[in-house]
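The structure's right below; bear with me while I get my questions together.
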Amino acid sequence: MRRLNRRKTLNLVKELDAFPKVPDSYVETSASRGTVSLLAFSVMAILTVLEFLVYRDTWMRYDYEVDKDFTSKLRLNIDITVAMKCQYVGADVLDLAETMVTSAEGLVYEPVIFELSPQQRQWQRMLQQIQNRLQEEASLQDLLFKSAMRSSVTALPPREDSPSEPPSACRIHGHLDINKVAGNFHITVGKAIPHPRGHAHLAALVSHDSYNFSHRIDHLSFGEILPGIINPLDGTEKIAEESNQMYQYFITIVPTKLNTHKVYGDTHQFSVTERERVINHAIGSHGVSGIFMKYDISSLMVTVTEDHMPLWKFLVRLCGIIGGIFTTTGMIHGLAEFFVDVICCRFKLGVYRRPEVSVFSDPACIHCSSLTAHF
Ligand SMILES: *[C@@H]1O[C@H](CO)[C@@H](O)[C@H](O)[C@H]1NC(C)=O
């Protein structure tokens, strides 16, 4: 009984065989079909290689969602050089929460020379060129994301010479932890002193004529510092013609989660619009001279993910290529054979029909002779 059952199922499975074996005597090969097969195999090989290249390639996917993290602090990284002596300038942050982040916490004031050394100048030129290219081609940003961590060109190299002149500029660098609300980072004359209603800068001791807010931004970023990422303001240099100049940068920060094969991190992209004007109360241009960076944080968060084709998709596509080419070439060959047959046979018929008598007398034609014998 059990044996019978097994034989039944075996027969059933046999019925399902989609690859019935064709006896060798039925298999016929021809030169034309061989050529077509060779062509098909070549096309297959080329397409497989191309498909493999696509499989190896990666691309950036951008996803947007609402940023729910409002409680954590945001780090502001800055490296800026102002053409004024350190004792005359002060930097601090004022935000909507009305809390003042005093400059003493994370910023270092370092007396330097404003002019760059030749090597540093070269580095800055390169940075500015990259910035220009970035504005023209957005796809370059993807490349930078991909190559992040591979390079670390984002820091200004140290001076290679030791100049004799005394330092007359001030390099303010370091980081500040700011609240995730809109705020204002500024550098103005005088050190900031806390005040019950906001804050004030002690500027009385500095003469107006000695103001010079020419500045160079070597680095400005928010969040984690990722080497290889170039921020929009890096490499900016502004030379003030007048002493009472006001520079404003309006910054919109977009939190960005970077998730590539090489780097995983929270960073913040930002866009900037700039404005500068001369403070002259006589002509109605009021304000305070200095460098002001107003920032606002977008509530949308961008997740940048480096994507690639999964292996299963690659295999499915490979099967598609191989099967598809086999079937298609088979069909095309069949069609071609059919047309060749039609044209050929018409032609042959024409040849044979003309000398009607000689058909019967042709000794080579066995069929014909048997036909005549029949008659
Ligand atoms: C400010 O300093 C820069 C660099 O040293 C200089 O080129 C510029 O002329 C100065 N501007 C004023 C108004 O003194």
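How high is the FRET efficiency from GLU115 to PHE250, r the C-beta distance, R0 30 Å, rounded to 0.05?
After rounding to 0.05, the efficiency reads 0.55.
Of the peptides 158-170, 114-126, how do they stack up when ordered by the mean number of other Cβ atoms within 10 Å, highest first?
Per-residue mean Cβ counts within 10 Å order the peptides as 114-126, 158-170.
Please give the contour-minus-distance gain from ALA97 to PHE326: 0.36 nm per residue of separation, less the Cα-Cα distance, rounded to one decimal in nm.
75.5 nm
Could you tell me what fraction of 2.2 N^0.38 Å the Cα radius of gyration of the stretch 228-333 comes to, as a two-decimal ratio?
Expressed relative to 2.2 N^0.38 Å, the Cα Rg reads 2.08.
Rg to Rh for the stretch 268-326: what is it, with Cα atoms only and Rh by Kirkwood?
Looking at the stretch 268-326, the ratio lands at 1.54.
ASN184 to VAL54: extension gain in nm, 0.36 nm per residue of separation minus the Cα-Cα distance?
42.2 nm
What distance in nm separates the simple spin-label points at VAL340 and ASN5, each placed 7 Å from Cα in the Cβ direction?
5.5 nm
Can you compute the FRET efficiency between LEU300 and SER42 using 1/(1 + (r/R0)^6), with r the Cβ-Cβ distance and R0 = 41 Å? Round to the nearest 0.05.
For LEU300 and SER42, the calculated efficiency is 0.25.
Could you tell me what fraction of 2.2 N^0.38 Å the Cα radius of gyration of the stretch 171-311 comes to, as a two-decimal ratio?
The value comes to 1.29.
By the scheme Lys and Arg +1, Asp and Glu -1, what is the net charge of all other residues having a beta-carbon under 9 Å from that of ALA155?
Here the charged neighbours net out to -2.
Label-point separation (nm) for GLN122 and LEU318, each offset 7 Å from Cα along Cα-to-Cβ?
It is 4.8 nm.
Per-residue counts of other Cβ atoms within 10 Å, averaged by peptide: what ranking do you get for 72-80, 310-318, highest first?
Packing proxy ranking, top to bottom: 72-80, 310-318.
Could you line up LYS262, LYS85 from fewest to most neighbouring Cβ atoms inside 10 Å?
Going from least to most buried by this count: LYS262, LYS85.
A further question follows. Could you name the aspartates and glutamates in cross-link range of LYS294, using Cα to Cα under 17 Å and dropping any fewer than eight places away on the same chain?
ASP79, ASP92, ASP95, GLU98, ASP177, ASP234, GLU274, GLU276
Here's another thing I want to ask about it. For a quick protection proxy, order the peptides 35-45, 217-227 by their average other-Cβ count within 10 Å, most packed first.
Those peptides, ordered most packed to least, come out 217-227, 35-45.
Another one. If I take R0 = 45 Å and measure r between the Cβ atoms of GLU137 and ASP17 in this structure, what FRET efficiency does the formula 1/(1 + (r/R0)^6) give, to the nearest 0.05?
Taking R0 as 45 Å, the efficiency between GLU137 and ASP17 is 0.20.
Assuming 0.36 nm per residue, please report the length gained on full extension of the stretch GLU28 to SER162 beyond their Cα-Cα distance.
Separation in residues times 0.36 nm, less the Cα-Cα distance, equals 39.5 nm.
So for ILE343, ILE321, fewest C-beta neighbours within 10 Å to most, what's the order?
Starting with the residue having the fewest Cβ neighbours, the order is ILE343, ILE321.
Values in this text are rule-based calculations from the coordinates and carry no lab data. As the structure is a prediction and not an experimental result, all values here were calculated from the model. Don't worry about glycine lacking a Cβ; one is built from the backbone with ideal geometry, like all the others, and counts go over all protein chains shown.
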